[in-house]
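Working notes, structure below.
Bear in mind that the values in this text are calculations on the coordinates, not laboratory data. Please read all numbers here as calculations on a predicted model, not as lab measurements. Don't worry about glycine lacking a Cβ; one is built from the backbone with ideal geometry, like all the others, and counts go over all protein chains shown.
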Amino acid sequence: MACEPSVSVVIPAYNSAGFLRCALDSALAQTHPPLEVLVVDDGSLDTTGQVVNSYGPPVRLLSQTNAGPAAARNLGAAEARGEWLAFLDADDSWLPQKLERQLALAKDPNVGLIHCRHAQDGAEDSRPAAVTFEALWHRNRIITSTVLVRREAFEEIGGFDPDFRLSEDYNLWLRIAASRWRIATLEEQLCRYTPAKGHLSQQLTRFADAELRNVTKVAALLGLSEEMLREREFAVFEEYSRHLFYERHLRDARRLAARTLRRKPSARRLGLWLATFVPVPLLDWRRRHRWTGPEEEAPRARPGSEARQR
């Protein structure tokens with residue numbers, strides 16, 4: 001009987017004591033038990049380390065001075081002993097069958113990354129069985145906590161780019177997609193989001209800036225055309241203008257909406273730009289009474305998780 005693939009879970013944690021147990025418990029409850037669970041304390045100022053140490057094996061605490069989640073994940077990966085690396089954010093959790101169901105796709109030696117659906121994905125938002133670079137460049141649909149990465153692929157690609165100004169998880173997915181490795185999709189919702197109150201609401205502008213830096217860096221690295229870069233930048237402006245508007249960051253939403261409107265004028269983009277001048281109480285009243293137009297639709301997926309644990 002062939003040996004089952006071994007999995008190391010890597011969790012970056014920064015001031016995560018209030019919600020880390022949910023992530024740890026979900027990792028330990030897997031029907032395919034992980035070989036180890038490595039929590040990298042990224043310079044926390046709270047009791048994150050004490051929470052981790054209360055568990056004992058196979059949970060292990062690693063520590064570093066604050067350097068961001070990419071550096072924390074790289075440290076965890078360097079210390080890991082598993083054939084596969086499962087990345088889990090401290091404010092996410094898994095359903096019990098997550099690893100078992102994903103490893104069913106690991107038999108193909110060309111698969112370097114396997115991801116699944118997240119609880120915040122729209123029900124209608126289907127994904128292809130194999131993710132191409134072109135599809136991923138057009139839109140990032142891979143959330144870090146859904147990912148299982150073959151260690152060989154991770155090391156060959158060079159791990160996460162530690163530049164904290166980037167959307168570093170998306171950066172890694174793109175580099176894997178542009179390599180010899182395949183990205184496989186498990187069309188099952190096996191990951192949940194359990195954030196601390198208000199944990200992310202003020203970071204959308206930072207997310208947008210990080211993603212813009214990311215696509216510029218990847219385009220230069222891979223020699224992509226100026227046209228491909230400009231189209232992707234436009235998509236970032238459009239996506240985040242809607243996110244910012246939905247969260248009522250109207251000034252930043254207006255700035256990005258104006259850029260999309262100037263580049264590709266349309267009635268929908270004009271409507272969003274004009275809506276950023278409406279007083280917030282009136283916008284909220286309109287939302288409560290479900291008088292919603294295209295500019296007020298909820299974003300279909302949250303932005304990437306790369307800046308959540310600084």
Discussion item. Suppose R0 equals 30 Å. What FRET efficiency, 1/(1 + (r/R0)^6) with r the Cβ-Cβ distance, do CYS3 and ALA130 give to the nearest 0.05?
Written reply: 0.70
Item to complete: Check the straight Cα-Cα distances from LYS98 and name the aspartates and glutamates below 12 Å, setting aside those fewer than 8 residues away within the same chain.
Response: GLU187, GLU188
Item to complete: Could you calculate the contour length gain from GLU100 to TRP285, that is, 0.36 nm times the residue separation minus the distance between their Cα atoms, to one decimal place in nm?
Response: 62.1 nm
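Suppose we look only past 21 Å in the calculated P(r) of region 207-278. What percent of the Cα-Cα pairs does that tail hold? Don't skip to the answer; put the middle values down first.
Numbers: 708 of 2556 pairs.
Result: 28 percent of Cα pairs exceed 21 Å.
Could you work out the Kirkwood radius for region 1-93, taking every pair of different alpha carbons, averaging 1/r and inverting it, reported in Å? Mind showing how you got there, number by number?
Numbers: mean 1/r = 0.0770 Å⁻¹.
Averaging 1/r across every pair of different Cα atoms and inverting gives 13.0 Å.
What shape does the chain take by its C-alpha gyration tensor, where a ≥ b ≥ c are the square roots of the eigenvalues and a/c under 1.5 counts as rounded, a/b above b/c as prolate, and the rest as oblate?
Details: a/c = 1.86, a/b = 1.48, b/c = 1.25.
In terms of gyration-tensor shape, prolate.
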Discussion item. Straight-line reach only, C-alpha to C-alpha below 18 angstrom: list the aspartates and glutamates that LYS217 could link to, leaving out same-chain residues fewer than 8 apart.
Written reply: GLU134, ASP161, ASP163, GLU168, ASP169, ASP209, GLU226, GLU227, GLU231, GLU233, GLU306
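In terms of the ratio Rg/(2.2 N^0.38 Å) built on C-alpha atoms, what value belongs to region 1-51? Walk me through the intermediate numbers first.
Values: Rg = 13.0 Å, N = 51, 2.2 N^0.38 = 9.8 Å.
So the Cα radius of gyration is 1.32 times the expected 2.2 N^0.38 Å.
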Worksheet item: Gain in length, LEU274 to ARG206, computed as 0.36 nm per residue apart minus the alpha-carbon separation, to one decimal in nm?
Response: 22.2 nm
Item to complete: Report the label-to-label distance for ARG230 and ARG139 in nanometres (one decimal), using points 7 Å from each Cα along the Cα→Cβ vector.
Response: 2.3
Fill in: Rounded to 5, percent antiparallel among DSSP beta bridges of the chain
30
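Given the Cα-Cα distance of LEU222 and ASP163 and 0.36 nm per residue of separation, how much length would full extension add, in nm?
Working: separation 59, 0.36 × 59 = 21.24 nm, distance 1.77 nm.
Extending this stretch completely gives an extra 19.5 nm.
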